[in-house]
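Before any comments, here is the structure.
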Amino acid sequence: MGEIIKNKKYMIKTWGCQMNVHDSEKIAGVLSSLGYQAVDSEKQADLIIFNTCCVREHAELKVYGNLGRLKKLKEQRKDLMIAVCGCMTQQEEVARHIARRYPFVDIVFGTDKIHKLAGFIANAKLTGSTIIDIEEDEEGSIIEDVPVEREEGIKAWVAVMHGCNNYCSYCIVPYVRGRERSRKKEYILEEVKRLGQSGYKEVTLLGQNVNSYGKGSSDRVDFAALLRKVNGVDGIERIRFMTSHPKDLSDELIYAIRDCDKVCEHIHLPFQAGSNSILHRMNRKYTKEQYLELTDRIREEIPDISITTDIIVGFPGESEEDFLHTLDVVERVRFDSAFTFLYSKRSGTPAERMEGHISDSVKHERLKRLLYLTERITAENNSTLRGEVLEVLVEGVSKTHSGRLTGRTRTNKIVHFEGHDSLTGKLVNVRITDPQSWSLFGEALNE
Ligand code: SAH
Ligand code: SF4
Ligand code: F3S
(Lines give C-alpha, C1' and ligand atoms only; values in the text may rest on other atoms or scores of the structure.)
(Ligands and ions follow the chains in the order given, each with its own letter.)
Protein backbone atom coordinates (compact mmCIF):
# COMPACT_ATOMS: atom_id res chain seq x y z
CA MET A 1 0.00 0.00 0.00
CA GLY A 2 2.34 2.74 -1.22
CA GLU A 3 5.71 3.78 0.18
CA ILE A 4 6.43 3.55 3.90
CA ILE A 5 6.55 6.98 5.49
CA LYS A 6 9.11 7.36 8.29
CA ASN A 7 8.58 9.30 11.53
CA LYS A 8 5.35 10.89 10.38
CA LYS A 9 2.60 11.50 12.90
CA TYR A 10 -1.14 11.74 12.50
CA MET A 11 -4.11 12.88 14.54
CA ILE A 12 -7.74 12.03 13.81
CA LYS A 13 -10.59 14.03 15.34
CA THR A 14 -13.92 12.26 15.11
CA TRP A 15 -17.48 13.56 15.38
CA GLY A 16 -20.72 11.59 15.15
CA CYS A 17 -21.88 8.06 15.79
CA GLN A 18 -20.15 4.74 16.45
CA MET A 19 -20.00 4.05 12.73
CA ASN A 20 -17.83 7.14 12.35
CA VAL A 21 -15.69 6.13 15.32
CA HIS A 22 -15.21 2.77 13.64
CA ASP A 23 -14.36 4.45 10.33
CA SER A 24 -11.67 6.39 12.20
CA GLU A 25 -10.24 3.03 13.33
CA LYS A 26 -10.00 2.06 9.67
CA ILE A 27 -8.30 5.35 8.80
CA ALA A 28 -5.86 4.70 11.67
CA GLY A 29 -5.30 1.19 10.29
CA VAL A 30 -4.44 2.54 6.83
CA LEU A 31 -2.13 5.21 8.27
CA SER A 32 -0.24 2.86 10.53
CA SER A 33 0.26 0.43 7.64
CA LEU A 34 1.94 3.37 5.89
CA GLY A 35 4.26 3.92 8.86
CA TYR A 36 2.44 6.85 10.49
CA GLN A 37 2.20 7.04 14.29
CA ALA A 38 -0.76 8.36 16.26
CA VAL A 39 -0.42 11.49 18.43
CA ASP A 40 -2.95 13.35 20.57
CA SER A 41 -2.16 16.92 19.67
CA GLU A 42 -2.64 18.86 16.49
CA LYS A 43 0.67 20.65 17.12
CA GLN A 44 2.67 17.41 16.88
CA ALA A 45 0.85 15.99 13.88
CA ASP A 46 2.10 16.01 10.28
CA LEU A 47 -1.35 14.92 9.13
CA ILE A 48 -4.63 16.04 10.73
CA ILE A 49 -7.83 14.29 9.71
CA PHE A 50 -11.31 15.50 10.63
CA ASN A 51 -13.88 12.71 10.38
CA THR A 52 -17.15 14.64 10.35
CA CYS A 53 -20.87 14.21 11.10
CA CYS A 54 -23.84 16.12 9.67
CA VAL A 55 -26.83 14.54 11.38
CA ARG A 56 -27.69 17.87 13.03
CA GLU A 57 -26.64 21.42 12.20
CA HIS A 58 -24.80 21.71 15.49
CA ALA A 59 -22.45 18.87 14.45
CA GLU A 60 -21.53 20.70 11.26
CA LEU A 61 -20.97 24.02 13.01
CA LYS A 62 -18.49 22.39 15.36
CA VAL A 63 -16.49 21.09 12.41
CA TYR A 64 -16.39 24.49 10.73
CA GLY A 65 -15.28 26.09 13.99
CA ASN A 66 -12.44 23.62 14.32
CA LEU A 67 -11.42 23.98 10.66
CA GLY A 68 -11.12 27.75 11.04
CA ARG A 69 -8.67 27.18 13.86
CA LEU A 70 -6.35 25.09 11.66
CA LYS A 71 -5.62 27.98 9.31
CA LYS A 72 -3.01 29.45 11.66
CA LEU A 73 -1.36 26.09 12.18
CA LYS A 74 -1.05 25.60 8.45
CA GLU A 75 0.46 29.08 8.03
CA GLN A 76 3.12 28.20 10.59
CA ARG A 77 3.87 24.81 9.05
CA LYS A 78 3.45 24.62 5.31
CA ASP A 79 4.16 20.88 5.22
CA LEU A 80 1.23 20.08 7.52
CA MET A 81 -1.40 18.03 5.72
CA ILE A 82 -5.09 18.48 6.49
CA ALA A 83 -7.83 16.11 5.39
CA VAL A 84 -11.59 16.27 5.94
CA CYS A 85 -13.75 13.18 5.50
CA GLY A 86 -16.92 11.57 6.83
CA CYS A 87 -20.60 12.27 6.38
CA MET A 88 -20.37 16.04 5.93
CA THR A 89 -18.16 15.72 2.89
CA GLN A 90 -20.58 13.28 1.27
CA GLN A 91 -22.75 16.32 0.50
CA GLU A 92 -21.25 17.62 -2.69
CA GLU A 93 -21.97 21.28 -2.00
CA VAL A 94 -20.33 20.96 1.43
CA ALA A 95 -17.22 19.29 -0.05
CA ARG A 96 -16.90 22.14 -2.56
CA HIS A 97 -17.58 24.75 0.10
CA ILE A 98 -14.80 23.32 2.28
CA ALA A 99 -12.34 23.32 -0.62
CA ARG A 100 -13.26 26.93 -1.49
CA ARG A 101 -13.65 28.49 1.93
CA TYR A 102 -10.77 26.58 3.58
CA PRO A 103 -8.22 26.31 0.75
CA PHE A 104 -5.56 25.07 3.17
CA VAL A 105 -7.38 21.72 3.32
CA ASP A 106 -5.36 19.25 1.21
CA ILE A 107 -7.76 16.31 0.92
CA VAL A 108 -11.55 15.96 1.03
CA PHE A 109 -12.73 12.37 0.81
CA GLY A 110 -15.96 10.42 1.26
CA THR A 111 -16.97 7.66 3.65
CA ASP A 112 -16.32 4.90 1.09
CA LYS A 113 -12.84 6.09 0.13
CA ILE A 114 -10.78 5.18 3.18
CA HIS A 115 -8.93 2.45 1.27
CA LYS A 116 -7.67 5.11 -1.15
CA LEU A 117 -6.11 7.36 1.47
CA ALA A 118 -2.49 6.46 0.63
CA GLY A 119 -3.08 7.58 -2.96
CA PHE A 120 -4.72 10.82 -1.85
CA ILE A 121 -1.77 11.70 0.38
CA ALA A 122 0.74 10.98 -2.39
CA ASN A 123 -1.30 12.94 -4.89
CA ALA A 124 -1.80 15.96 -2.66
CA LYS A 125 1.95 16.09 -2.00
CA LEU A 126 2.73 15.79 -5.68
CA THR A 127 0.27 18.34 -7.01
CA GLY A 128 0.01 20.74 -4.06
CA SER A 129 -3.67 21.24 -4.82
CA THR A 130 -6.78 20.08 -2.97
CA ILE A 131 -7.78 16.51 -3.79
CA ILE A 132 -11.54 15.86 -3.69
CA ASP A 133 -12.95 12.35 -4.00
CA ILE A 134 -16.48 11.81 -2.78
CA GLU A 135 -17.92 9.96 -5.79
CA GLU A 136 -20.18 7.09 -4.85
CA ASP A 137 -18.70 3.70 -5.65
CA GLU A 138 -20.62 1.05 -7.49
CA GLU A 139 -23.94 0.26 -5.88
CA GLY A 140 -23.58 -2.46 -3.28
CA SER A 141 -19.81 -2.52 -3.04
CA ILE A 142 -18.11 -2.92 0.32
CA ILE A 143 -14.32 -2.81 0.47
CA GLU A 144 -13.26 -5.59 2.82
CA ASP A 145 -9.49 -5.37 3.00
CA VAL A 146 -9.10 -2.12 4.94
CA PRO A 147 -6.92 -2.69 8.03
CA VAL A 148 -8.51 -1.64 11.33
CA GLU A 149 -6.54 -0.16 14.21
CA ARG A 150 -8.68 -0.39 17.32
CA GLU A 151 -7.95 1.66 20.37
CA GLU A 152 -8.62 -0.55 23.30
CA GLY A 153 -8.35 -4.25 23.91
CA ILE A 154 -11.69 -4.99 25.57
CA LYS A 155 -14.54 -3.75 23.40
CA ALA A 156 -14.66 -3.59 19.61
CA TRP A 157 -17.04 -2.23 17.00
CA VAL A 158 -17.87 -4.46 14.07
CA ALA A 159 -19.85 -3.05 11.14
CA VAL A 160 -22.38 -5.55 9.83
CA MET A 161 -23.99 -3.24 7.33
CA HIS A 162 -23.52 0.16 5.76
CA GLY A 163 -25.97 2.78 4.57
CA CYS A 164 -29.69 3.12 5.15
CA ASN A 165 -32.82 2.73 3.00
CA ASN A 166 -35.38 4.04 5.44
CA TYR A 167 -35.50 7.70 4.52
CA CYS A 168 -36.99 8.97 7.75
CA SER A 169 -38.11 12.37 6.53
CA TYR A 170 -35.89 14.38 8.91
CA CYS A 171 -32.71 12.38 8.37
CA ILE A 172 -29.72 13.01 6.14
CA VAL A 173 -27.98 9.67 6.74
CA PRO A 174 -29.45 7.81 3.72
CA TYR A 175 -28.20 10.61 1.46
CA VAL A 176 -24.68 10.67 2.83
CA ARG A 177 -24.15 6.99 3.67
CA GLY A 178 -25.80 5.59 0.56
CA ARG A 179 -27.95 2.51 0.09
CA GLU A 180 -28.14 -0.27 2.61
CA ARG A 181 -25.57 -3.02 2.05
CA SER A 182 -24.91 -5.96 4.36
CA ARG A 183 -21.46 -7.43 4.83
CA LYS A 184 -21.17 -11.13 4.14
CA LYS A 185 -21.58 -13.21 7.27
CA GLU A 186 -18.25 -14.99 6.62
CA TYR A 187 -16.34 -11.70 6.87
CA ILE A 188 -18.19 -10.69 10.02
CA LEU A 189 -17.63 -14.05 11.73
CA GLU A 190 -13.98 -14.08 10.71
CA GLU A 191 -13.50 -10.60 12.17
CA VAL A 192 -15.25 -11.50 15.43
CA LYS A 193 -13.20 -14.71 15.66
CA ARG A 194 -9.96 -12.76 15.28
CA LEU A 195 -11.12 -10.27 17.93
CA GLY A 196 -11.86 -13.15 20.31
CA GLN A 197 -8.40 -14.61 19.65
CA SER A 198 -6.73 -11.29 20.35
CA GLY A 199 -8.43 -10.98 23.73
CA TYR A 200 -11.41 -8.71 23.04
CA LYS A 201 -14.30 -9.54 25.34
CA GLU A 202 -17.15 -7.59 23.80
CA VAL A 203 -18.28 -6.79 20.27
CA THR A 204 -20.94 -4.32 19.20
CA LEU A 205 -22.44 -5.10 15.81
CA LEU A 206 -23.11 -1.83 14.03
CA GLY A 207 -25.53 -0.68 11.39
CA GLN A 208 -28.09 2.11 10.91
CA ASN A 209 -30.79 -0.53 11.09
CA VAL A 210 -29.31 -3.90 12.00
CA ASN A 211 -32.74 -5.53 11.94
CA SER A 212 -32.77 -5.45 8.17
CA TYR A 213 -29.38 -7.19 7.98
CA GLY A 214 -29.19 -9.67 5.11
CA LYS A 215 -32.21 -8.36 3.21
CA GLY A 216 -31.70 -9.05 -0.45
CA SER A 217 -28.74 -11.36 0.09
CA SER A 218 -28.85 -14.87 -1.30
CA ASP A 219 -27.76 -16.86 1.75
CA ARG A 220 -30.85 -16.12 3.85
CA VAL A 221 -29.02 -15.18 7.03
CA ASP A 222 -31.05 -12.48 8.76
CA PHE A 223 -29.96 -10.55 11.84
CA ALA A 224 -31.42 -13.09 14.29
CA ALA A 225 -29.47 -15.87 12.56
CA LEU A 226 -26.33 -13.74 12.50
CA LEU A 227 -26.59 -13.12 16.26
CA ARG A 228 -26.87 -16.86 16.86
CA LYS A 229 -23.74 -17.44 14.77
CA VAL A 230 -21.73 -14.69 16.49
CA ASN A 231 -22.83 -16.15 19.83
CA GLY A 232 -20.90 -19.30 18.91
CA VAL A 233 -17.53 -17.53 18.56
CA ASP A 234 -15.02 -18.46 21.30
CA GLY A 235 -13.37 -15.83 23.45
CA ILE A 236 -16.04 -13.17 23.05
CA GLU A 237 -18.13 -12.89 26.22
CA ARG A 238 -20.60 -10.18 25.35
CA ILE A 239 -22.41 -9.20 22.18
CA ARG A 240 -24.23 -5.90 21.67
CA PHE A 241 -25.81 -4.39 18.59
CA MET A 242 -27.19 -1.08 17.41
CA THR A 243 -29.40 0.39 16.09
CA SER A 244 -32.74 -1.42 15.83
CA HIS A 245 -35.60 0.09 13.87
CA PRO A 246 -38.94 -0.83 15.49
CA LYS A 247 -40.59 -1.55 12.15
CA ASP A 248 -38.26 -4.48 11.40
CA LEU A 249 -37.90 -6.07 14.82
CA SER A 250 -38.98 -9.67 14.37
CA ASP A 251 -40.03 -12.21 16.99
CA GLU A 252 -37.08 -14.28 15.78
CA LEU A 253 -34.76 -11.50 16.88
CA ILE A 254 -36.42 -11.29 20.30
CA TYR A 255 -35.96 -15.06 20.69
CA ALA A 256 -32.32 -14.82 19.59
CA ILE A 257 -31.61 -12.14 22.22
CA ARG A 258 -33.41 -14.27 24.80
CA ASP A 259 -31.63 -17.52 23.89
CA CYS A 260 -28.06 -16.43 23.17
CA ASP A 261 -26.11 -16.32 26.42
CA LYS A 262 -23.59 -13.76 25.17
CA VAL A 263 -26.11 -11.34 23.71
CA CYS A 264 -26.64 -8.66 26.35
CA GLU A 265 -30.04 -7.74 27.75
CA HIS A 266 -30.14 -4.30 26.21
CA ILE A 267 -31.85 -2.92 23.15
CA HIS A 268 -31.56 0.57 21.72
CA LEU A 269 -34.91 1.13 20.05
CA PRO A 270 -35.45 4.73 18.92
CA PHE A 271 -39.12 5.74 18.85
CA GLN A 272 -38.49 9.40 17.84
CA ALA A 273 -42.03 10.65 18.55
CA GLY A 274 -45.22 9.46 20.22
CA SER A 275 -47.89 11.00 18.01
CA ASN A 276 -49.15 8.88 15.14
CA SER A 277 -49.50 11.80 12.77
CA ILE A 278 -45.91 12.89 13.49
CA LEU A 279 -44.65 9.32 13.14
CA HIS A 280 -46.42 9.12 9.81
CA ARG A 281 -44.86 12.35 8.60
CA MET A 282 -41.49 11.18 9.87
CA ASN A 283 -41.95 8.12 7.63
CA ARG A 284 -41.20 5.78 10.53
CA LYS A 285 -43.77 3.14 9.45
CA TYR A 286 -45.10 2.22 12.89
CA THR A 287 -47.68 3.67 15.25
CA LYS A 288 -47.46 4.54 18.91
CA GLU A 289 -49.60 1.50 19.71
CA GLN A 290 -47.35 -0.80 17.68
CA TYR A 291 -44.28 0.55 19.46
CA LEU A 292 -45.84 0.01 22.89
CA GLU A 293 -46.95 -3.47 21.92
CA LEU A 294 -43.44 -4.27 20.69
CA THR A 295 -41.76 -3.15 23.91
CA ASP A 296 -44.30 -5.21 25.90
CA ARG A 297 -43.52 -8.25 23.80
CA ILE A 298 -39.76 -7.77 24.30
CA ARG A 299 -40.19 -7.47 28.08
CA GLU A 300 -42.42 -10.52 28.19
CA GLU A 301 -39.63 -12.65 26.71
CA ILE A 302 -36.69 -10.90 28.36
CA PRO A 303 -37.96 -9.39 31.64
CA ASP A 304 -34.68 -7.80 32.75
CA ILE A 305 -33.87 -6.15 29.45
CA SER A 306 -33.00 -2.47 29.47
CA ILE A 307 -34.57 -0.44 26.71
CA THR A 308 -33.01 2.83 25.57
CA THR A 309 -34.19 5.19 22.87
CA ASP A 310 -33.76 8.31 20.74
CA ILE A 311 -36.39 11.06 20.74
CA ILE A 312 -36.75 14.15 18.54
CA VAL A 313 -38.68 17.17 19.83
CA GLY A 314 -40.05 19.93 17.66
CA PHE A 315 -40.50 18.09 14.37
CA PRO A 316 -42.34 20.39 11.90
CA GLY A 317 -46.03 20.57 12.79
CA GLU A 318 -45.61 19.06 16.27
CA SER A 319 -48.46 20.41 18.42
CA GLU A 320 -48.60 20.42 22.21
CA GLU A 321 -50.95 17.46 21.96
CA ASP A 322 -48.51 15.58 19.71
CA PHE A 323 -45.74 16.25 22.20
CA LEU A 324 -47.87 14.90 25.07
CA HIS A 325 -47.94 11.57 23.21
CA THR A 326 -44.14 11.56 23.29
CA LEU A 327 -44.20 12.09 27.07
CA ASP A 328 -46.82 9.36 27.34
CA VAL A 329 -44.58 6.82 25.56
CA VAL A 330 -41.73 7.71 27.93
CA GLU A 331 -44.02 7.24 30.96
CA ARG A 332 -45.27 3.92 29.74
CA VAL A 333 -42.07 2.31 28.48
CA ARG A 334 -39.90 3.71 31.28
CA PHE A 335 -36.66 3.81 29.30
CA ASP A 336 -33.38 3.15 31.05
CA SER A 337 -31.97 6.08 29.16
CA ALA A 338 -32.97 8.33 26.31
CA PHE A 339 -31.00 10.47 23.88
CA THR A 340 -33.08 13.54 23.21
CA PHE A 341 -32.60 15.87 20.26
CA LEU A 342 -34.03 19.16 19.06
CA TYR A 343 -35.24 18.74 15.51
CA SER A 344 -32.62 20.17 13.17
CA LYS A 345 -33.41 21.13 9.58
CA ARG A 346 -31.27 19.12 7.14
CA SER A 347 -30.86 20.30 3.62
CA GLY A 348 -32.39 18.06 0.96
CA THR A 349 -34.62 16.09 3.34
CA PRO A 350 -38.45 16.07 2.94
CA ALA A 351 -39.00 17.51 6.44
CA GLU A 352 -37.04 20.61 5.46
CA ARG A 353 -39.85 21.56 3.11
CA MET A 354 -42.73 20.70 5.47
CA GLU A 355 -45.07 23.30 6.93
CA GLY A 356 -45.09 24.32 10.55
CA HIS A 357 -41.47 24.60 11.61
CA ILE A 358 -41.37 25.06 15.38
CA SER A 359 -39.71 28.05 17.05
CA ASP A 360 -36.53 27.50 19.05
CA SER A 361 -38.18 28.65 22.25
CA VAL A 362 -41.00 26.09 21.98
CA LYS A 363 -38.51 23.35 21.08
CA HIS A 364 -36.35 24.19 24.09
CA GLU A 365 -39.31 24.35 26.43
CA ARG A 366 -40.47 20.90 25.29
CA LEU A 367 -36.97 19.47 25.51
CA LYS A 368 -36.72 20.69 29.09
CA ARG A 369 -39.96 18.94 30.06
CA LEU A 370 -38.89 15.79 28.27
CA LEU A 371 -35.49 15.75 29.98
CA TYR A 372 -37.08 16.24 33.36
CA LEU A 373 -39.21 13.15 32.78
CA THR A 374 -36.54 10.90 31.23
CA GLU A 375 -34.05 11.74 33.96
CA ARG A 376 -36.58 11.06 36.70
CA ILE A 377 -37.42 7.66 35.19
CA THR A 378 -33.76 6.71 34.66
CA ALA A 379 -33.08 7.52 38.32
CA GLU A 380 -36.13 5.55 39.46
CA ASN A 381 -35.14 2.54 37.36
CA ASN A 382 -31.61 2.67 38.71
CA SER A 383 -32.80 2.96 42.31
CA THR A 384 -34.48 -0.45 42.06
CA LEU A 385 -31.01 -1.97 41.56
CA ARG A 386 -29.84 -1.19 45.11
CA GLY A 387 -28.59 -4.42 46.69
CA GLU A 388 -28.60 -6.36 43.40
CA VAL A 389 -25.53 -8.27 42.27
CA LEU A 390 -24.70 -7.48 38.64
CA GLU A 391 -22.04 -8.81 36.29
CA VAL A 392 -19.69 -6.00 35.28
CA LEU A 393 -17.15 -6.08 32.46
CA VAL A 394 -14.32 -3.94 33.81
CA GLU A 395 -13.11 -1.37 31.27
CA GLY A 396 -10.35 0.23 33.33
CA VAL A 397 -9.34 2.51 36.16
CA SER A 398 -11.38 5.67 36.64
CA LYS A 399 -9.68 8.74 35.20
CA THR A 400 -10.52 10.83 38.24
CA HIS A 401 -10.12 8.35 41.14
CA SER A 402 -7.17 5.96 41.27
CA GLY A 403 -8.18 2.65 42.84
CA ARG A 404 -11.67 2.96 41.40
CA LEU A 405 -12.65 0.74 38.48
CA THR A 406 -15.27 1.47 35.86
CA GLY A 407 -17.24 -1.01 33.81
CA ARG A 408 -20.66 -1.80 32.42
CA THR A 409 -23.46 -4.18 33.26
CA ARG A 410 -24.98 -6.38 30.58
CA THR A 411 -27.81 -3.84 30.53
CA ASN A 412 -25.22 -1.18 29.57
CA LYS A 413 -25.24 0.74 32.84
CA ILE A 414 -21.98 2.25 34.06
CA VAL A 415 -20.72 0.88 37.39
CA HIS A 416 -17.90 2.21 39.60
CA PHE A 417 -16.31 0.18 42.37
CA GLU A 418 -13.05 -0.10 44.29
CA GLY A 419 -10.61 -2.63 42.87
CA HIS A 420 -7.21 -3.38 41.41
CA ASP A 421 -6.28 -2.59 37.82
CA SER A 422 -5.59 -6.30 37.25
CA LEU A 423 -9.37 -6.78 37.01
CA THR A 424 -9.47 -4.73 33.79
CA GLY A 425 -10.98 -6.84 31.03
CA LYS A 426 -12.50 -9.28 33.54
CA LEU A 427 -16.12 -10.02 34.42
CA VAL A 428 -16.69 -9.19 38.09
CA ASN A 429 -19.84 -9.57 40.20
CA VAL A 430 -20.60 -6.27 41.89
CA ARG A 431 -23.21 -5.55 44.56
CA ILE A 432 -24.86 -2.19 43.88
CA THR A 433 -24.74 -0.04 47.01
CA ASP A 434 -25.42 3.44 45.68
CA PRO A 435 -27.39 3.76 42.45
CA GLN A 436 -27.30 7.26 40.99
CA SER A 437 -28.87 8.81 37.93
CA TRP A 438 -25.96 8.43 35.53
CA SER A 439 -24.09 5.52 37.04
CA LEU A 440 -24.18 2.92 39.78
CA PHE A 441 -21.70 2.60 42.64
CA GLY A 442 -21.02 -0.77 44.20
CA GLU A 443 -18.56 -3.19 45.74
CA ALA A 444 -16.98 -6.27 44.20
CA LEU A 445 -18.00 -9.58 45.73
CA ASN A 446 -15.13 -11.74 46.88
CA GLU A 447 -15.21 -14.86 44.77
N1 SAH B 1 -30.08 4.82 12.31
C2 SAH B 1 -30.31 5.12 13.64
C3 SAH B 1 -29.75 6.42 14.15
C4 SAH B 1 -29.40 7.50 13.22
S5 SAH B 1 -28.96 9.07 13.78
C6 SAH B 1 -31.77 5.01 13.88
O7 SAH B 1 -32.56 5.04 12.97
O8 SAH B 1 -32.15 4.89 15.01
C9 SAH B 1 -29.22 9.08 15.51
C10 SAH B 1 -30.40 9.86 15.96
O11 SAH B 1 -30.27 11.20 15.57
C12 SAH B 1 -31.73 9.43 15.40
O13 SAH B 1 -32.26 8.31 16.04
C14 SAH B 1 -32.56 10.66 15.61
O15 SAH B 1 -33.16 10.65 16.88
C16 SAH B 1 -31.54 11.78 15.57
N17 SAH B 1 -31.69 12.59 14.36
C18 SAH B 1 -31.52 12.23 13.08
N19 SAH B 1 -31.76 13.26 12.25
C20 SAH B 1 -32.11 14.31 13.03
C21 SAH B 1 -32.49 15.67 12.77
N22 SAH B 1 -32.58 16.14 11.54
N23 SAH B 1 -32.76 16.46 13.84
C24 SAH B 1 -32.67 15.99 15.09
N25 SAH B 1 -32.34 14.74 15.40
C26 SAH B 1 -32.05 13.90 14.38
FE1 SF4 C 1 -31.84 8.04 9.61
FE2 SF4 C 1 -34.08 6.70 9.79
FE3 SF4 C 1 -31.99 5.61 8.54
FE4 SF4 C 1 -31.93 5.92 11.17
S5 SF4 C 1 -33.35 4.60 10.03
S6 SF4 C 1 -30.32 6.44 9.74
S7 SF4 C 1 -33.06 7.82 11.49
S8 SF4 C 1 -33.15 7.40 7.89
FE1 F3S D 1 -23.17 8.89 12.03
FE2 F3S D 1 -23.38 11.51 11.87
FE3 F3S D 1 -22.84 10.12 9.75
S4 F3S D 1 -24.59 10.20 13.10
S5 F3S D 1 -23.73 8.12 10.02
S6 F3S D 1 -21.57 10.31 11.56
S7 F3S D 1 -24.18 11.85 9.84
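Observations
- Breaking point among (1) open to solvent by 50 Å² or more (accessible area, probe 1.4 Å); (2) more than 16 Å from ligand 3 (Cβ to nearest atom); (3) assigned to a helix (DSSP H, G or I), for residue 352: (2)
- When residues in the stretch 152-169 are screened for being open to solvent by 30 Å² or more (accessible area, probe 1.4 Å) and either of a type in the set (Phe, Trp, Tyr) or in a loop (DSSP other than H, G, I, E, B) (or both), 5 of them pass.
- Some residue of the stretch 196-209 being outside the structural domain of residue 410 (by TED's automatic domain parsing), assigned to a helix (DSSP H, G or I) and within 28 Å of residue 85 (Cβ to Cβ): no
- Among (1) away from ligand 3 (no atom under 16 Å from the Cβ); (2) more than 26 Å from residue 153 (Cα to Cα) - the single one residue 190 does not satisfy: (2)
- Qualifying residue in the stretch 260-267 (condition: aliphatic (A, V, I, L, M), more than 16 Å from ligand 1 (Cβ to nearest atom) and closer than 15 Å to residue 207 by Cβ): no
- Within the span defined as the stretch 124-132, every residue fails to be farther than 21 Å from residue 71 by Cα and either outside any helix (DSSP H, G or I) or touching a residue at least 40 places away in the same chain (Cβ under 8 Å) (or both).
- Of all residues making up the stretch 229-264, the number that are farther than 21 Å from residue 299 by Cα and open to solvent by 30 Å² or more (accessible area, probe 1.4 Å): 5
- Pairs are defined by a Cβ separation below 8 Å, a sequence spacing of at least 6 or placement on different chains, a first member in the stretch 166-194 that is among the aromatic types (Phe, Trp, Tyr), and a second member that is in a loop (DSSP other than H, G, I, E, B) and more than 16 Å from ligand 2 (Cβ to nearest atom); the pairs so defined are 187/144.
- The single condition among (1) farther than 26 Å from residue 262 by Cβ; (2) touching a Ser or Thr at 6+ places or on another chain (Cβ under 9 Å) that residue 395 does not satisfy is (1).
Okay, residues lined up against (1) closer than 16 Å to residue 431 by Cβ; (2) of a type in the set (S, T, N, Q); (3) assigned by TED's automatic domain parsing to the domain that holds residue 271; (4) open to solvent by less than 30 Å² (accessible area, probe 1.4 Å):
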residue: 372; (1), (2), (3), (4): no, no, yes, no
residue: 377; (1), (2), (3), (4): no, no, yes, yes
residue: 394; (1), (2), (3), (4): yes, no, no, yes
residue: 401; (1), (2), (3), (4): no, no, no, no
residue: 410; (1), (2), (3), (4): yes, no, no, no
residue: 418; (1), (2), (3), (4): yes, no, no, no
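- Looking only at the stretch 335-376, residues that are away from ligand 1 (no atom under 16 Å from the Cβ) and touching an Asp or Glu at 6+ places or on another chain (Cβ under 8 Å) come to 1 in all.
- Residues of the stretch 269-297 satisfying the condition of being within 30 Å of residue 203 (Cβ to Cβ) and touching an Asp or Glu at 6+ places or on another chain (Cβ under 8 Å): 270, 271, 272, 297
- Wholly enclosed strands (runs of 3 or more DSSP E) of the stretch 9-115 bearing at least 2 residues open to solvent by 60 Å² or more (accessible area, probe 1.4 Å) and away from ligand 1 (no atom under 16 Å from the Cβ): 9-14
- Candidate set: the stretch 303-334, residues that are away from ligand 1 (no atom under 16 Å from the Cβ) and over 15 Å from residue 273 (Cβ atoms); chosen: the one modelled with the lowest pLDDT: 304
- Some residue of the stretch 211-228 being touching a residue at least 60 places away in the same chain (Cβ under 8 Å), of a type in the set (A, V, I, L, M), within 16 Å of ligand 2 (Cβ to nearest atom) and open to solvent by less than 20 Å² (accessible area, probe 1.4 Å): no
- Applying the set (1) within 16 Å of ligand 2 (Cβ to nearest atom); (2) outside any loop (DSSP other than H, G, I, E, B); (3) in contact with a Gly (Cβ under 6 Å, 6 or more places away or on another chain) to residue 179 leaves exactly one unmet item: (2).
- Which numbered condition residue 178 fails, given (1) within 16 Å of ligand 1 (Cβ to nearest atom); (2) open to solvent by less than 40 Å² (accessible area, probe 1.4 Å); (3) closer than 30 Å to residue 394 by Cβ: (3)
- The condition (being open to solvent by 30 Å² or more (accessible area, probe 1.4 Å) and among the aliphatic types (A, V, I, L, M)) is satisfied by just one residue among 292, 279, 342: 342.
- Condition broken by residue 131, with the remaining ones in (1) at pLDDT 90 or above; (2) touching a strand residue (DSSP E or B) at 6+ places or on another chain (Cβ under 9 Å); (3) over 18 Å from residue 23 (Cβ atoms) satisfied: (1)
- Qualifying positions in the stretch 420-447 - under 25 Å from the mean Cα position of the chain (by Cα) and either open to solvent by less than 30 Å² (accessible area, probe 1.4 Å) or under 22 Å from residue 374 (Cα atoms) (or both): 425, 436, 437, 438, 439, 440
- In the set 80, 31, 67, only one residue is touching a residue at least 40 places away in the same chain (Cβ under 8 Å), hydrophobic (A, V, I, L, M, F, W, C) and either away from ligand 2 (no atom under 16 Å from the Cβ) or under 18 Å from residue 123 (Cα atoms) (or both); that residue is 31.
- Some residue of the stretch 194-203 being at positive phi, under 18 Å from the mean Cα position of the chain (by Cα) and open to solvent by less than 60 Å² (accessible area, probe 1.4 Å): no
The values are calculated or read from the model by the stated rules, or taken from the named source; none is laboratory data. Note that this is a predicted model, so its numbers are computed, not measured. A quick note on method: Cβ atoms are made from the backbone with ideal geometry, for glycine too, and the neighbour counts reach across all protein chains shown. With ligands, DNA and RNA removed, areas are computed over all heavy atoms of the protein, side chains included. Shrake-Rupley method; radii C 1.70, N 1.55, O 1.52, S 1.80 Å.
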